[in-house]
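Take a look at the structure set out below.
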Amino acid sequence: MKVALDFKELLPTVEETDSVRGCFQCSACVADCPAARRSARFNPREIMLKVLLGLPESLVCEDSAVWDCTTCYTCKERCPQGVHPIEVITALKNRIAAEGMLPEKVATAVEGIKKTDRVIQKSDAISRRRSELGLDFDMDTDGGRIEGVLAT
Ligand code: SF4
Ligand code: SF4
């Protein structure tokens, strides 16, 4: 197992990732984590420990468990130390993307968002549901708007 002493510094320098050092491994973030309940391989406390110890191998990889996170932010509310596991997980996802290791499903979703500006893509079922709810039926866009915002 290879230890990367600069692993924490490899994560983007967002304020929240600096709080990693405060984690004392209490597991409060695990107790109410919906992803940890459903996924045997996902545990925010373990992710924090690997970041603290400088063990990126199983986190920054094609099959990383970080994609099981639902981004619900419960861990941020529960942590008694003000550590923000969700921000660290987001930083890890960005790292995976920067290293060209996005899982196929995520890469496809990203391309779809870039092309259509929509997180949920157009389909007959979605169009039917929108129609039933009295929402605008025309879902066509030229795309590029979200990409433009991200580029600023
Ligand atoms: S991130 Fe916070 S809640 Fe989770 S194990 Fe560390 S100190 Fe406890
Ligand atoms: S945001 Fe936190 S609590 Fe929610 S799924 Fe992700 S790790 Fe679990």
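The values are calculated or read from the model by the stated rules, or taken from the named source; none is laboratory data. Everything numeric here is computed off the predicted structure, so don't read it as measured data. So basically every Cβ, Gly included, is an ideal-geometry build from the backbone, and we count neighbours across all protein chains shown.
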What number of residues in region 79-106 are touching a helix residue (DSSP H, G or I) at 6+ places or on another chain (Cβ under 9 Å) and in a helix (DSSP H, G or I)? 14
Residue satisfying all of: in region 66-106; more than 11 Å from ligand 1 (Cβ to nearest atom), over 13 Å from the mean Cα position of the chain (by Cα) and of a type in the set (A, V, I, L, M); modelled with the lowest pLDDT among these: Ala98
Boolean, Gly112 is in contact with a Ser or Thr (Cβ under 7 Å, 6 or more places away or on another chain) and either away from ligand 1 (no atom under 16 Å from the Cβ) or not in a helix (DSSP H, G or I) (or both): no
Yes or no: Arg37 surrounded by fewer than 14 Cβ atoms within 10 Å (Cβ to Cβ) and assigned to a loop (DSSP other than H, G, I, E, B)? no
Scan region 65-78 for residues that are surrounded by 22 or more Cβ atoms within 10 Å (Cβ to Cβ) and either assigned to a loop (DSSP other than H, G, I, E, B) or more than 9 Å from ligand 2 (Cβ to nearest atom) (or both) and jot them down. Cys69
Looking only at region 37-65, which residues are within 16 Å of ligand 1 (Cβ to nearest atom), acidic (Asp, Glu) and touching a residue at least 40 places away in the same chain (Cβ under 8 Å)? none
Can you find a residue in region 46-55 that is part of a loop (DSSP other than H, G, I, E, B) and either under 18 Å from Val3 (Cβ atoms) or among the basic types (Lys, Arg) (or both)? yes
